[in-house]
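Peer 1: Okay, handing you the structure first.
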Amino acid sequence: MVGRKDDKETRMNMLLSDSGTSNNKIGVVAILGMGGVGKTTLAQLVYNDKEVQEHFDRKAWAYVSEDFNTLSVTKNLLESITSRVWDSNN
């Protein structure tokens, strides 16, 4: 991806940093910007990087549009991470 190498390295450094205790490590990094500037592509580059894949025991990918259901996205992420069906009544 042209011109985004520094952006990828910055996000990778944030995710893979050994600073702080295990309770203070970053597991989520927001990527913000106007539509069409390459946010999803940048996120995919970081998520699919071999170093990131090997660093985390569990990973999940969620793609949402402007019109999405927060409960549904959360449920799908939980099911993906835990490999269990999530009951919204609990």
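Rule-based calculations on the coordinates, nothing more; no lab input. These numbers come from a predicted model, not from an experiment. Don't worry about glycine lacking a Cβ; one is built from the backbone with ideal geometry, like all the others, and counts go over all protein chains shown.
Peer 1: Can you spot the aspartates and glutamates whose alpha carbon is less than 16 Å from Lys75's alpha carbon? Ignore those fewer than 8 places along the same chain.
Peer 2: By straight Cα distance, Lys75 reaches Asp87.
Peer 1: To continue, here is another question. Extension gain Val85-Ser17, at 0.36 nm per residue separation less the Cα-Cα distance, in nm? Write down the numbers at each step before the final one.
Peer 2: Numbers: separation 68, 0.36 × 68 = 24.48 nm, distance 3.21 nm.
In short, 21.3 nm is gained.
Peer 1: Using a 7 Å offset from Cα along Cα-Cβ at Thr10, what residues in segment 52-72 end up with backbone N under 20 Å from the label point?
Peer 2: The answer is 52, whose backbone nitrogens lie closer than 20 Å to the label point.
Peer 1: Now for a separate question. Counting other C-beta atoms within 10 Å, which of Glu66, Glu51 has the fewest, and how do the rest follow?
Peer 2: Numbers: Glu66 5, Glu51 10.
Ranking Glu66, Glu51 by Cβ neighbours within 10 Å, fewest first, gives Glu66, Glu51.
Peer 1: Can I ask one more? Can you figure out the FRET efficiency of Gln44 with Ser72, using R₀ = 22 Å and their beta-carbon distance, to the nearest 0.05? Don't skip to the end; give the middle numbers.
Peer 2: Details: r = 22 Å, r/R0 = 0.98.
The pair Gln44/Ser72 has a calculated efficiency of 0.55.
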